[in-house]
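The values are calculated or read from the model by the stated rules, or taken from the named source; none is laboratory data. Not measured: the values here are computed from a predicted model. Cβ coordinates were reconstructed from backbone atoms using ideal geometry, including for glycine residues, and neighbour counts include every protein chain displayed. With ligands, DNA and RNA removed, areas are computed over all heavy atoms of the protein, side chains included. Shrake-Rupley method; radii C 1.70, N 1.55, O 1.52, S 1.80 Å.
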Amino acid sequence: MLKITIDIAGERANLELEGRLAGPWVQELRDCWQRVRSDGPQINVVLKQVTFIDGAGRQLLAEMHRQGAVLAAEGCMTKAIVEAITGGKNHE
């Protein structure tokens, strides 16, 4: 299961993720991202309490990053995944 909390404030939208970014939840995140993205704000993706990310989830995060999303993570595993995607740039 994946919980996605969306907070839009002006020119910034935060998508806070908690749970497993895997299976059908990857498409759910993609759908949320596409809806928020259509409004044009800067998107920040915060992997707060993410416990697992499958290959499709990593691919989606990489795509989001390539298209301008800022990735931030908590926890050793998720920080390492974000660093691998961003090359150590553009994350907290």
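Just give me the residues in region 6-23 being acidic (Asp, Glu) and open to solvent by 50 Å² or more (accessible area, probe 1.4 Å), in sequence order.
7, 11, 16
Give region 31-43 a look and list any residue that's open to solvent by 20 Å² or more (accessible area, probe 1.4 Å) and under 18 Å from residue 1 (Cβ atoms), or say none.
Listed by number, the list holds a single entry, 31.
Can you pull out every residue in region 50-73 that is closer than 15 Å to residue 2 by Cβ and more than 12 Å from the chain's Cα centre (by Cα)?
Of everything in region 50-73, those that are closer than 15 Å to residue 2 by Cβ and more than 12 Å from the chain's Cα centre (by Cα) turn out to be 51, 52, 54, 56.
Note down all Cβ pairs under 8 Å where the first residue falls in region 10-34 and is within 14 Å of residue 52 (Cβ to Cβ), the second is open to solvent by 60 Å² or more (accessible area, probe 1.4 Å) and charged (D, E, K, R), and they're at least six residues apart or on different chains.
17/3; 17/48; 18/3; 18/48; 19/3
Can you tell which of 46, 26 is under 13 Å from residue 70 (Cβ atoms), surrounded by 13 or more Cβ atoms within 10 Å (Cβ to Cβ) and either at pLDDT 95 or above or not polar (S, T, N, Q) (or both)?
46 is the lone residue from the list that is under 13 Å from residue 70 (Cβ atoms), surrounded by 13 or more Cβ atoms within 10 Å (Cβ to Cβ) and either at pLDDT 95 or above or not polar (S, T, N, Q) (or both).
Go through region 50-64 and count every residue that is touching a Leu at 6+ places or on another chain (Cβ under 8 Å) and open to solvent by 40 Å² or more (accessible area, probe 1.4 Å).
1
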